[in-house]
Every structure is written in structure tokens, then in C-alpha cells.
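Here's the structure we're looking at; comments come further down.
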Amino acid sequence: MTALKKPKDEMQYILATDVGSTTTKARFFCRKNGEWRFLIAGEAPTTVEAPYEDVTLGVRNAVREVEELTGHKILSPDGSGIIVPYDGKAGVDLYCTTSSAGGGLQMMVAGLIKTMTAESANRAALGAGAIVMDIISRDDERQPFQKIRRIRSLRPDMILVAGGTDGGATAHVVEIIELIKAAEPKPRLGVGYQLPIIYAGNKEIRKQVDEMMGKDFALTIVDNIRPSLEVENTEPARRAVHELFMEHVMSHAPGYTKLMKWTDVDIMPTPAGEGLAMQLIASTFKKNVLGVGLGGATTNVYSIVDGRFVRSVSANLGMSYSVTNVMKEAGVSNIMRWLPFRLEEEEVTSRLSNKMIRPTTIPQTIEDLIVEHSVAREALRLGLNHHKSIATRLKGIQVQRTISDMFEQELEETYIKMMIIDIIAGTGGLLSHAPRRVQSMLILIDAFQPEGVTRMFQDSVFMMPHLGVLSTVYREAAWNIFDKDCLVRLGTVIAPAGIINPGETAMTVELNMPDGSKIKESIGFGEIKRIALSENTEIEAVISPHRGLDVGAGSGHQVEKPVMGGEVGLILDARGRPLQIPQEEAEKKALLLKWFKALDLYPPDKLEELV
């Protein structure tokens, strides 16, 4: 369902909403002087749970706020929907929405070999915007009765089954099907409907699969995810997930049947919309992009490397509901290594436990803010590690090894290398609402440790999912708004990879400034420096690293590259890769204070008080 009510050049107003787990966010766009711009935002609590159990109430409340702020009428007089198209007095020309209410899209995936077909099925489900509850495979070390018990207890929204290359294994794939059939899994929402199952395995046994599962489940058969060991084809499975999400999951969620009638575009899972927004950045700039959505309950990491899109969900890493999980997984000591002042471990634990109990609270002091930013660094670091385990080369294929490979113990699994990432983009409340833009930029730098020359972007207000779903029907409008009102250009970071002796000159950077002058900056190893360079300014930089450091052309080799300005400007990061923080307390405090002051990260007088 993507029918536009008016030709694109006649459209004047667009409304997009995101029905989140706690908040429903409305974003209102209009055409001004021939280009699309963001006008106003409206927000209201989501009404998916009792006593309301109707998401359209929250949508109406968020849209009413837009109406009050603009004086523009959008809702029909009886509140039964959105007026589409705009009739000269009221309404909008297009309405679209994303949703993660009620836990979003929850899936189970199954495959033959955990590191091959099951891994490909997992990538397909994640790419479609799902949270993957479990991965069942023939070699996952659980006994059949344990797998059956697990499948029965999960209650997913749908199951994706892969296994066997076309013309390959059949008997073992049938074993997986028999396990699912024996477990008799029930869907999470709705009692009287069949659980959707997508079969994307060996095409030779499609008829057998249909006979075994066609009566008891809503079965959809699509092209094989791994037709051969050398090929991964996730797109048909991903499309099927979207269609079933609308047809089965959304139609049984409270109030969604009404909302589906209001929209001009199919409702999309929020992470899928966010992923499309990241892909929009990659396709527009034609660069490799690493993106992150740092939420209250989950951390989503997205990568588009050489045209290949992968998404990972760390469902236990977040900044409010899941903040104690970050503490547990990272360890309190890893969070405390980012603090330039002394706090007892028990104090940090208590503060984060309070945040989990009261997830909507925001930091009241600089001390609280620095603690929260320290947790964010660890959540992002762990999220990236998880992402790298999913963004891997295909397993099971024969790899041609060269003479140089002989000296390596093994080939690295992940293809995510920070040196080839051109752009890092962040979204999520903590990053968007950081008091100073330089804070969110340094959080991303410290967590992801970019190498070479990397451009840094962030979401101005939470708008990426809205623009992601809009891009499926009106790409020009989506990019117009994205470019002008959503994407904040933070600037560029230049960071050499490698370690040399402290105090040695790490690199010299020569900048050809817009006014024709030249600036030459040298920076010692272990230091970080900020250079003002305004937004929409792009200049040539000649970077000469120390012979033991690499900025993209090999150890000690000079690089000439354009660098982009932004609200923060240019950051020269000569702290080394991997970044090393001293263990000794006094040395650590002195170093962190030096870095924070060099970037004007927090008010200096407040920092001095803390220390």
C-alpha cells in the first residue's frame, strides 16, 4: 500500500509518526519555497497497554499537539482518522508511521548449521527490524527436548526457517521442521490465528514442508537464503517478514487495525525505518557508514560497507530500562575508567540502579551527566562488538589465501574495519540531547575508535525512523528534510592507528582554509585537539603521520583528503588505537581532565569542583 493521493509536485504537507514503546512521536513536514522542511514535533504517551489498549489514542494526542502548535487542522472532526489529502484548509497529503510498541517485532530463527544458514537467517530477520529471541540449529548443543521446550515457551511473532543449499541437505532440514511442528508454538498476540512461518531453505523439499506445516501454521515459502554456499540472498525473506508483520502481527496488536486504515504506507518496525535512514546516508554520500541508535532498552548498530547492509540488536544494552545490564556486561570498572573524579563502586552501582527504576529521569548535575556518558561509551562499545560478530564473511566457503595470509594465524571474521568507515552517525535521546554537541561526538569517538579520516553526524531530534519510512515513497522529500533539519554535521575526526612513545609527534596536519590561508598543526602522541571549522565548509587536509602510525595509506605514509566542518569542527585524535587509559587512579584522572579541557567538553569550573 503506497498509493499517493496527489502528484509529488502538488504535495504540501506530510505527517509521520513513530509509535514507540513509551512515547508516540509525531513529526510535521511542509514544502517551503520549493523544498521540504521539518516544521514542528508533537509527542504523547503511547496507549498500547491497559487501560487504553488502542494505539490510535496516543497518535491522536501527539497529532493534536502539532495542531495546537501550528493552527493547522489534521485530524478529522470526529477524531476517526487523518484527513488525506490536504484540501486547502485541513489535512496532509501523506501520512506514514513506524512502530515498536508492545515490544516491536519479535522473531525466532532456525537453520541447519549455526554459523552458516542459521547465521544468514539471523541477518535477514535483524535487517527486517526484528528482535531475534533465539536461534535454533541442529548443532547448537541442546538436546531435542530442550529445543522443543524452548520453542514452546518463546511465543514469537513469527519464525524464519532456513537450511540446506538448493539441492543439498534434506533430511536434516526436515528434522528442524519436525522440531517446530512438535513444539506447537503459539503466537505472542492473538489466540485464534495461526503463527506465521517463513521457509527460506532448500527448494527441493518445499512440497514436503507445505505438507508438514501448511495446515497448522500460516506458511510462506520464499527463495532460499543460501541457494549456494557462496551466495547469501536475504532480500526475499526480509520482504516476507515486512508483509507478515503487517498482515498478522499488526492486525492483532491493540488498535493497529484502525491505524492501518489511516496510513498511506505500510506500518514499518521502527528499527527498519532507522536502518533505511542510515542507508539513505550511505547511498547519498556513496560512502561506508556505521550508524547507531542508542535507546533506553536496546542498542541498534547498522553498517553499510561496500553496499552490504547489516543490522544488529543488543536487546540488553540501553540507557534507561537496560542500564544495569550494561553495567553487568561491561563491568563497573570499565564504566569508572571514563570518570575524571573518584567515586566508590557502590555509589556508581546505586546511581545506575536508580536510573533503571526511574527510566525517565535525566541527570541533574555535571557529575551525573559524566557518569551517564561513561555508561553510553560502554553500551556503544559492546553494541559494536556484537555487531562485528554478525557482520562477518560467509562461513562455509573456500577462502583463497595469499602468501601474506600465511603469516596470519587466521583470517579475521568481521569485515567491519574502522579504517574503511567513512561516516559514523548516531541517533537516540542521549546523543541528541547532550548539552554540548562535542559531548556526543566524543562519546562516539571513544566507543567506536574511528581510524583515519571519519565524518561524524548525529540526529538533531529523533526523526530517523520517520524519514526512513518516508524515503520508501518519496525519497527526494525525505533527503531534503534529512539534509536540512535532521542530520547535524558534527565535523571530522582524524585519528592515526597504532601506538608510539608518549610525547613524540604523532602527526602534522596542514589545512588549506577557505580564506586561502594555511594552518599547520602538530600534535603529540596521547593528545587530542579541536580546531574550529564551520558547517558546510569542506577543505583539503594533508596528514603526515609518524612512521609508526597509519591514517589510511599505510604506516608513516602521507594522506591528502577533504575534511568536513561542523558544529564541533575538526578533532585531531592522537591518543592511539587501540585507545589505552591508565590503570593508576591519579594518572587516569590527570589524562581524562587534560582531554576534557582540550575539547571544552564540560564547564571547566564545574570539572575543577568535582576533582
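The values are calculated or read from the model by the stated rules, or taken from the named source; none is laboratory data. Here the structure is a predicted model, which is why all the values come from computation and not from measurement. Heads up, the Cβs are rebuilt from the backbone with ideal geometry, glycines too, and the neighbour counts pull from every protein chain shown.
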Inset, instruction - Would you confirm whether any residue within region 490-512 is in contact with a Phe, Trp or Tyr (Cβ under 7 Å, 6 or more places away or on another chain), in contact (Cβ under 8 Å) with a residue 60 or more places away in the chain and under 30 Å from C96 (Cβ atoms)? - result: yes
Inset, instruction - Among the helices (runs of 4 or more DSSP H) lying completely within region 423-536, list those that include at least 1 residues that are acidic (D, E) and either assigned by TED's automatic domain parsing to the domain that holds L549 or more than 16 Å from the chain's Cα centre (by Cα) (or both). - result: 437-448, 475-481
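Results for (1) small (G, A, S); (2) out of contact with any Pro (no Cβ under 8 Å at 6 or more places or on another chain), shown as yes or no for each residue.
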residue	(1), (2)
K261	no, yes
E274	no, no
Q279	no, yes
L290	no, yes
V326	no, yes
A330	yes, yes
E346	no, yes
Inset, instruction - From (1) modelled with pLDDT of 90 or more; (2) over 23 Å from L592 (Cα atoms); (3) crowded, with 18+ Cβ neighbours inside 10 Å; (4) not hydrophobic (A, V, I, L, M, F, W, C), pick out the condition that doesn't hold for P340. - result: (2)
Inset, instruction - Report yes if P77 is surrounded by fewer than 19 Cβ atoms within 10 Å (Cβ to Cβ), over 24 Å from I390 (Cβ atoms) and in contact (Cβ under 8 Å) with a residue 12 or more places away in the chain, otherwise no. - result: no
Inset, instruction - Working only within region 315-349, note down all residues that are more than 21 Å from L442 (Cβ to Cβ) and under 13 Å from the mean Cα position of the chain (by Cα). - result: A315
Inset, instruction - Could you tell me which numbered condition G556 fails, if it satisfies all but one of (1) modelled with pLDDT of 95 or more; (2) on the phi > 0 side of the Ramachandran plot? - result: (1)
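Output the residues belonging to region 310-337 that are touching a strand residue (DSSP E or B) at 6+ places or on another chain (Cβ under 7 Å) and not aliphatic (A, V, I, L, M). Lay out the reasoning, then the answer.
As a first pass, look at region 310-337 and keep what is touching a strand residue (DSSP E or B) at 6+ places or on another chain (Cβ under 7 Å): 310-315, 317-319.
Scanning region 310-337 gives R311, S312, S314, G318.
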Inset, instruction - Report, by residue number, each residue of region 579-593 that is surrounded by fewer than 11 Cβ atoms within 10 Å (Cβ to Cβ) and either touching a Leu at 6+ places or on another chain (Cβ under 9 Å) or not in a helix (DSSP H, G or I) (or both). - result: Q583, E584
Inset, instruction - Only residues that are surrounded by fewer than 18 Cβ atoms within 10 Å (Cβ to Cβ) and either in contact (Cβ under 8 Å) with a residue 40 or more places away in the chain or of a type in the set (D, E, K, R) (or both): list them for region 86-122, please. - result: D87, K89, G103, K114, T115
Inset, instruction - Could you please give the count of residues in region 180-232 that are touching a strand residue (DSSP E or B) at 6+ places or on another chain (Cβ under 9 Å), basic (K, R) and touching a residue at least 24 places away in the same chain (Cβ under 8 Å)? - result: 3
Legend entry - Test result for L189, surrounded by 17 or more Cβ atoms within 10 Å (Cβ to Cβ) and either within 30 Å of the chain's Cα centre (by Cα) or within 21 Å of A124 (Cα to Cα) (or both): yes
Legend entry - Among residues of region 519-536, those that are buried (at least 17 other Cβ atoms within 10 Å of the Cβ) and without any contact (Cβ under 8 Å) to a residue 60 or more places away in the chain, counted: 4
Legend entry - Among the residues listed as V348, V332, V375, the single one being aliphatic (A, V, I, L, M) and in contact (Cβ under 8 Å) with a residue 40 or more places away in the chain: V375
Inset, instruction - State whether one or more residues within region 164-179 are more than 18 Å from M116 (Cα to Cα), crowded, with 18+ Cβ neighbours inside 10 Å and touching a residue at least 40 places away in the same chain (Cβ under 8 Å). - result: yes
Inset, instruction - Might you let me know whether region 74-93 holds any residue that is polar (S, T, N, Q) and under 30 Å from the mean Cα position of the chain (by Cα)? - result: no
Inset, instruction - Output the qualifying pairs, or none if there are none: Cβ atoms under 7 angstrom, residues six or more apart or on different chains, first residue in region 554-583 and within 17 Å of I499 (Cβ to Cβ), second residue surrounded by fewer than 13 Cβ atoms within 10 Å (Cβ to Cβ). - result: S555/R547; G556/R547
